[in-house]
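Note sheet for the following structure.
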Amino acid sequence: MRKRLNENEYLRRKSIPFVFITTAVNPALVQTAYDITVQGYFKKPYSYIELKQQIKLIVAY
């Protein structure tokens, strides 16, 4: 989806932020994400409470 938004001039100018929260923390995947200009790549915590806290921190930032 990020690649498609970047292909559209109007949407690219909107600077829509992308944050990935995933269980996959493979260095190659992280690099690929940053190559398409994501604003964050975070490892998903195991518990709901930790996930909720992580999302609050991301939004507050």
Looking only at the stretch 39-57, which residues are of a type in the set (A, V, I, L, M, F, W, C) and out of contact with any strand residue (DSSP E or B) (no Cβ under 6 Å at 6 or more places or on another chain)? Ile49, Leu51, Ile55, Leu57
What's the number of the condition Ile55 fails, among (1) in a helix (DSSP H, G or I); (2) open to solvent by 80 Å² or more (accessible area, probe 1.4 Å)? (2)
Out of the residues in the stretch 33-54 that are at pLDDT below 90 and among the hydroxyl-bearing types (Ser, Thr, Tyr), which is nearest to Met1 (Cα to Cα)? Thr37
Of all residues in the stretch 6-33, count the ones that are surrounded by 12 or more Cβ atoms within 10 Å (Cβ to Cβ), in a helix (DSSP H, G or I) and more than 9 Å from the chain's Cα centre (by Cα). 6
Could you list all residues from the stretch 1-20 that are within 13 Å of Thr37 (Cα to Cα) and not charged (D, E, K, R)? Met1, Leu5, Asn6, Ser15, Ile16, Pro17, Phe18, Val19, Phe20
First in the stretch 37-61 and over 19 Å from Pro17 (Cβ atoms), second anywhere and among the polar types (S, T, N, Q), Cβ under 6 Å, 6 or more apart: Pro45/Gln54
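The values are calculated or read from the model by the stated rules, or taken from the named source; none is laboratory data. Computed from a predicted structure; not experimentally measured. Reconstructed Cβ throughout: ideal geometry from the backbone, glycine too, with neighbour counts over all protein chains shown. Quick note on the areas: whole protein, heavy atoms, side chains included, nothing else; ligands and nucleic acids left out. Shrake-Rupley method; radii C 1.70, N 1.55, O 1.52, S 1.80 Å.
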